[in-house]
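The values are calculated or read from the model by the stated rules, or taken from the named source; none is laboratory data. These numbers come from a predicted model, not from an experiment. Here the Cβ positions follow ideal geometry from the backbone for every residue, glycine too, while neighbour counts run over all protein chains shown. With ligands, DNA and RNA removed, areas are computed over all heavy atoms of the protein, side chains included. Shrake-Rupley method; radii C 1.70, N 1.55, O 1.52, S 1.80 Å.
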Amino acid sequence: MNYTFSSNKTKQKINAISSKSEAHRLLICAALSDGETCIVCNDTNQDIDATVSCLNSLGASIIRAENEDGEKYFNVTPIGEIPSYAAFDCGESGSTLRFLLPVVAALGIECDIYMHGRLPERPLSPLYELLAENGVTLSPQGSNPLHISGRLKSGNYEIAGNISSQFISGLLFALPFADGDSTLTMTGKLESTPYITMTEQALEIFGAQIRNDGNVFYIQRANSCVGLNRFTTPHHVFVGGDWSNAAFFLCAGALSKDGVAVMGLDLNSAQGDREILNILKRMGASISHANNTITVKKADLFGIEIDASQIPDLVPVISVVASVAMGKTKIYNASRLRLKESDRLQSVCDMLTTLGADIKQTSDGLIIHGKSSLCGGTVSSCNDHRIAMSAAVASLVCTSPVTVEGIEAIKKSYPAFLSDFIV
């Protein structure tokens, strides 16, 4: 489906949607706990729904509901008897696949895992090899479905810290359900560390005995409950506002004289993408916060250098702001973006070039020379939600309309984006 953004305006005030990253983690912990959990989560999307569907296929019962105050939540009845076989569909959700693959292995469930989009092509190494070396049999990488059998052993695990934080999170979810205590050592430079912190926080909420000492996690086997290992439910938890998706509106505010106010974001959140405020401040945007509301307004914008190793998801929309910021913006340490829903360095470059920006790729990033405005045009979402939403933000500084082909890609993380964005 195509959608044309023909106005240079967006809504001036929105509520942040629920964090996809937090929801994944809390749902998994709740499904592996010792009792029912109410997870307040006012918004959902295709990725969250994929995790819910997969956990239900493993024997949990997760039901979407709404209370008398209008709060929407997931009621999670945990997995009961561990099934010997299961089949589930991760959709296009990399988090769902990479979190649940080691969990299934630790529970000893023979499983067929189905995937869509680019997900079967996205690499699983070195997680794949770690599982294969420690009691698990898997069909070849790229298989769809991916077949897994055997049971993950406890032990001393080692994994590079600069490949995917999702691999590390998946092992942290899984190793408490192996046959004994384990260690997990992260080697080399650590990237996307805030995502690992979010996993630690979710596990702590559910009583997991995991201690972090520098680059080493010490992981105790989960408590035994009726013959099964279980986390301990807190019974009621709340999913915070999503900084990754709010970034599109905060950046829109930096391009708007009237500004944009976003409500419901926690300035102390573990979500690394709250760094968007510091980036916009460094670029010259006007930022204020009061009464649970953050407001960003246009000011003179300047190009800066940005290390994207900890905030890769912000690169597409930051690039839009950089395209109209005076001088040069250099974005580096972003090579992992080539393995997302699209090759995001290529798709960002193609999208902004079509719209008239001065942008080029490097091996691990982008170099952008700002202009006073962009020209508009027709761009492809590349079936990538962050490209689609970034193009919408770019329309605010274009002299002609912007048409996005495949706008439905937004459903992956933000189904209500158009209704929130369009005046």
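Residues in segment 247-264 that are over 21 Å from ALA325 (Cα atoms) and buried (at least 24 other Cβ atoms within 10 Å of the Cβ): how many?
Number of matching residues: 1.
Provide a single number: the residues in segment 374-411 that are surrounded by 23 or more Cβ atoms within 10 Å (Cβ to Cβ), under 24 Å from ILE48 (Cα atoms), in contact (Cβ under 8 Å) with a residue 40 or more places away in the chain and not hydrophobic (A, V, I, L, M, F, W, C).
4
Specify the residue that is modelled with the highest pLDDT; the eligible residues are those in segment 116-142 that are part of a loop (DSSP other than H, G, I, E, B), in contact with a strand residue (DSSP E or B) (Cβ under 7 Å, 6 or more places away or on another chain) and on the phi < 0 side of the Ramachandran plot.
My answer is SER139.
Keeping to segment 313-328, report how many residues are within 19 Å of MET351 (Cα to Cα) and part of a loop (DSSP other than H, G, I, E, B).
First, the residues of segment 313-328 that are within 19 Å of MET351 (Cα to Cα): 313-325, 328.
Then keep just the ones that are part of a loop (DSSP other than H, G, I, E, B); that gives 323-325.
Residues meeting the conditions: 3.
Is it fair to say ALA208 is among the aliphatic types (A, V, I, L, M), in contact (Cβ under 8 Å) with a residue 40 or more places away in the chain and under 30 Å from ILE294 (Cβ atoms)?
Answer is no for this residue.
Quick check on segment 388-421: of everything there that is β-branched (Val, Ile, Thr) and touching a strand residue (DSSP E or B) at 6+ places or on another chain (Cβ under 8 Å), which residue is nearest to ASP242 (Cα to Cα)?
If we take residues in segment 388-421 being β-branched (Val, Ile, Thr) and touching a strand residue (DSSP E or B) at 6+ places or on another chain (Cβ under 8 Å), then ILE407 is nearest to ASP242 (Cα to Cα).
Can you say whether GLY365 is in contact (Cβ under 8 Å) with a residue 24 or more places away in the chain, surrounded by fewer than 18 Cβ atoms within 10 Å (Cβ to Cβ), closer than 22 Å to GLY284 by Cα and among the small types (Gly, Ala, Ser), as far as the supplied structure shows?
no
Filter segment 29-64 down to residues that are open to solvent by 30 Å² or more (accessible area, probe 1.4 Å) and either free of Cβ contacts under 8 Å to residues at least 60 places away in the same chain or more than 21 Å from LEU172 (Cα to Cα) (or both), then give me how many there are. Steps first, answer last, please.
Our first condition is that a residue be open to solvent by 30 Å² or more (accessible area, probe 1.4 Å); within segment 29-64, this holds for 34, 36, 42-44, 46, 49, 53, 56-57, 59, 61, 63-64.
Subset that is either free of Cβ contacts under 8 Å to residues at least 60 places away in the same chain or more than 21 Å from LEU172 (Cα to Cα) (or both): 36, 42-44, 46, 49, 53, 56-57, 59, 61, 63-64.
Total meeting the criteria: 13.
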